[in-house]
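Below is one structure, written out as structure tokens; comments come after it.
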Amino acid sequence: MVSLLHRAPDVDDPGGQGDEAWSGPGGAARKERFTWSGLVWALVYPQRGHRILPTVPGVVLIALSFGIGTAAYNSSSNILFITLSLLLACLILSGVLSWLNLRGVRWRLRLAPPLRVGHDAIVALELRSRNRFVPTYGLWFEFAARPADAEPGLRAESTLTAKGAEVRAALAQAEAAELRGRVPLAGRLDPGGETRVEWVLRPERRGNLRIELVSVGSLFPFGFLRKDIGTGLTANAVVWPAPVEYRRHGVAAVRRLAGGERVARAGHGGDLLALRRYISGDSHRLIHWKASARTRTLLVRQFAAESAEGYAIWLLTDAGLWPKPEQFELLISFVATLSEDLFRGGQLRDVAINAEPPMPVRRVHDLEWWLNKLATVRPAEHADRIPGELTVARQNVMTFVPDGVRGVVAYVDGQKAASV
């Protein structure tokens with residue numbers, strides 16, 4: 001099923017679209033005045049989140065330096081002292097160059113919603129270099145995506161009395177719900193240049209998702225030291241339910257309530273909404289001949305739809321009715337898919353969850369609100385009351401009940417309308 005959203009604005013990290021939206025090794029982007037004291041202090045006392053660890057070749061080099069240093073002091077050999085000086089200079093130069101490699105780099109997250117379960121989404125990281133002379137090489141970026149909404153009923157507990165197997169199971173469950181990825185920088189980032197890297201993310205659960213740039217790392221220049229910079233850059237997004245395939249059943253024609261309200265949406269009502277260009281397949285009776293003669297373009301009339309021409313979806317999330325999590329997730333995906341299909345066909349009138357007042361669906365924005373609500377809905381206790389506005393006229397109200405142990409069935413006024 002193709003999503004209805006052909007236009008989707010980018011979601012940036014908080015801070016707007018100016019320079020304040022960019023982050024870097026020192027936090028938010030800002031103009032800094034260069035001082036030698038600041039340079040020395042940054043090398044001696046790195047900022048919080050900066051970490052430099054030796055790699056395997058670096059550990060070998062450090063051990064070799066200790067060995068040569070011990071031999072130089074015992075033998076008083078100038079050649080060994082010169083060799084020790086060269087080895088230590090390589091270590092110091094490696095740390096200084098790795099610091100300069102990342103000093104002028106800025107980054108920000110860009111995310112294009114909507115996100116869907118089981119569908120690939122692109123998380124883009126835009127990079128900008130403020131260096132004037134030195135290019136940037138050999139970076140990689142660690143991404144993580146984890147659910148942002150905590151499960152209800154969870155509270156902090158001490159692990160002192162817990163068994164080792166229970167602690168390992170809890171940690172494994174937390175890691176299973178988290179998605180991680182590493183994306184390297186292809187090529188180099190020239191001084192004053194811009195580029196972007198992309199991480200392909202496939203969400204596995206619906207709900208609120210927090211996407212984070214965990215760290216930026218580099219082995220530049222010699223591979224003796226590994227430099228990691230922790231970032232607090234995050235972006236929040238809503239993951240919609242996954243679309244599912246369902247079966248439509250023969251149901252009586254949708255009944256129209258008397259005095260139906262006209263809405264500004266294309267349909268088959270009696271009020272003229274707009275004029276549009278003729279498309280192959282349009283009825284010739286809809287052609288507006290006078291407007292076509294004035295504009296010298298074949299135009300057809302487009303009428304407004306009636307709000308009573310459609311269905312009202314009522315979703316009951318009672319925990320007693322839906323005890324199985326897998327069946328409840330299938331229900332949410334079924335409702336989301338059916339809502340989009342009915343809206344696309346101009347047959348979706350109202351939506352409601354449990355005893356909440358029904359929400360009319362007139363525009364794409366209303367449908368987005370409904371899908372966002374479905375993305376975060378959870379089973380509720382004793383949710384068995386129909387909204388009062390739906391009890392006034394029980395015509396064309398679509399309800400959902402379990403079908404066996406795994407399926408879901410949609411009923412309209414007691415008739416089986418669809419199943420999955």
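Bear in mind these aren't lab numbers, they're just calculated from the coordinates by the rules spelled out. Since this is a predicted model, take the numbers as computed values, not measurements. Cβ placement follows ideal geometry from the backbone for every residue including glycine, while neighbour counts extend to all protein chains displayed.
Restricting things to alpha carbons, find the Rg to Rh ratio for segment 47-94 using the Kirkwood radius for Rh. All intermediate terms of the calculation are to be shown ahead of the outcome.
On the way: Rg = 12.9 Å, Rh = 11.7 Å.
So for segment 47-94, dividing Rg by the Kirkwood Rh gives 1.10.
Go ahead and run the numbers for FRET between ARG130 and GLU204, Cβ-Cβ distance against an R0 of 25 Å, rounding to 0.05.
On the way: r = 38 Å, r/R0 = 1.50.
The value I calculate is 0.10.
Describe numerically, in nm with one decimal, the distance between label points set 7 Å from Cα along Cα→Cβ at TRP369 and at ARG277.
3.4
Given H placed 1.01 Å from N in the peptide plane, which residues other than close sequence neighbours of LEU315 have an amide H under 5 Å from its amide H?
Excluding prolines and chain starts, which carry no amide H, the hits are ALA352, ILE353, ASN354.
Run the quick spin-label model on ARG285 and CYS90: label points 7 Å from Cα toward the beta carbon, then report their separation in nm to one decimal.
8.8
Calculate the FRET efficiency for THR376 and PHE81 from the Cβ-Cβ distance with a Förster distance of 60 Å, rounded to the nearest 0.05. Present the calculation step by step, with values, prior to reporting the outcome.
Working: r = 67 Å, r/R0 = 1.12.
It comes to 0.35.
Work out, step by step, the length gained on full extension between ILE62 and GLU178: first 0.36 nm times the residue separation, then minus their alpha carbon distance; give nm to one decimal.
Working: separation 116, 0.36 × 116 = 41.76 nm, distance 3.64 nm.
Gain on extension, ILE62 to GLU178, equals 38.1 nm.
Which shape class applies to segment 310-419: rounded if a/c is under 1.5, otherwise prolate when a/b exceeds b/c and oblate if not, where a ≥ b ≥ c are the square roots of the Cα gyration tensor eigenvalues?
Details: a/c = 1.36, a/b = 1.30, b/c = 1.05.
Rounded is the answer for segment 310-419, as its axis ratio a/c remains below 1.5.
Report, by chain and number, residues whose modeled amide H sits under 5 Å from the one on PHE222, excluding near sequence neighbours (fewer than 5 apart, same chain).
Here the answer is none, since no amide H 5 or more places off falls under 5 Å of that of PHE222.
For segment 208-247, which semi-axes, largest first and in whole Å, follow from the square roots of 5 times the eigenvalues of its Cα gyration tensor? Mind dumping the intermediate values first?
Working: eigenvalues 303, 39, 4 Å².
So the three semi-axes of segment 208-247 are 39, 14, 4 Å.
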